[in-house]
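The values are calculated or read from the model by the stated rules, or taken from the named source; none is laboratory data. Just so you know, these numbers come straight off a predicted model, no measurement behind them. Cβ placement follows ideal geometry from the backbone for every residue including glycine, while neighbour counts extend to all protein chains displayed.
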Amino acid sequence: MFYNYRLTFELNRMVDIYEHEFKFTILRRALESINDTKKRQFIYIIINALNNTCKAILDVCNDFSESQKKLMIDNFFEQYLKYLQRYNYFIGDIVSIFKDTYRENLQCQIFNHWNSIIEKKSDTVTEKSFLEVFDDIHESCISKYENIFVKKLGDLKNLYRAQRGKHFNNYERMIPKEEYAKKIDGILKALLLFIYVWMRKLSSTMKLLIL
C-alpha cells in the first residue's frame, strides 16, 4: 500500500539535496498539488530514483566550484522535468503545472512585496519615488526572474499603452507611421524616421520589460 506522505517526504528530500534551490521548491509545490493517489505513487517512484542518482553524483563532485555545481544542478532540474514529462500520459502535464505554479508564486511575491512597501509608509519614513519603487521591484523580482518579465518584442502580437486625452484617431504613438514622420522638418524628422526603421528591423531581437 502506498501512503501519500511518502511522496511528501521524497519531495522534501529533493529540496534538501539542492539546498532549497528556488526551482526545486516550486517543483515540490507543483507536484504536491496533485491529489490522485496512483499519480502520486508514480511520481514518487520517479523522484526517488532521480534523487538517489543525482545525490550520488553530487557527493562524488563535492569539490567542484560553485559555478560548476550550479550548472550541474540546472542540468539535473531539466532531467527531473524531462522524466516527469515522459510519463505525462499517466501523471499529467507536469511542465504546465510547474509553469502555472511558478507564475502564481511569483505574482504572489510581487503582490506581497508591493503591499509591504505600502504598509511600511509612516510619518518617520519618507515616501518612495516611482524610480525608487521601480528599482526595488527590479532588484527583488525582475532581475531574478528575467525569463518571465523580459520578452522579445517580436514575440508579442500587439503592443498597447494607455494615454490620457484624445486618441488622435489611429495615429500610431508607439511607432510613428512614415507619412506622419515626413511632415516634420529638420532633425526631428530624421530622428523619427530613424526610430521607425530601427524598430521595424529590430523588432525580433529587442527586449521589452513586461509589467
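Observations on the structure shown:
- Region 1-44 - residue that is β-branched (Val, Ile, Thr), over 12 Å from Ile91 (Cα atoms) and without any contact (Cβ under 8 Å) to a residue 60 or more places away in the chain and, of those, surrounded by the most Cβ atoms within 10 Å (Cβ to Cβ): Ile17
- Some residue of region 64-79 being touching a Ser or Thr at 6+ places or on another chain (Cβ under 8 Å), farther than 30 Å from Val150 by Cα, modelled with pLDDT under 90 and assigned by TED's automatic domain parsing to the domain that holds Asp136: no
- Test: residue in region 94-112 that is modelled with pLDDT of 85 or more, surrounded by 12 or more Cβ atoms within 10 Å (Cβ to Cβ), of a type outside the set (Ser, Thr, Tyr) and over 15 Å from the mean Cα position of the chain (by Cα): yes
- Residue check, Asn48 surrounded by 15 or more Cβ atoms within 10 Å (Cβ to Cβ) and assigned to a helix (DSSP H, G or I): yes
- Pick from region 38-86, criterion among the β-branched types (Val, Ile, Thr) and within 27 Å of the chain's Cα centre (by Cα), ranking: nearest to Tyr3 (Cα to Cα): Ile43
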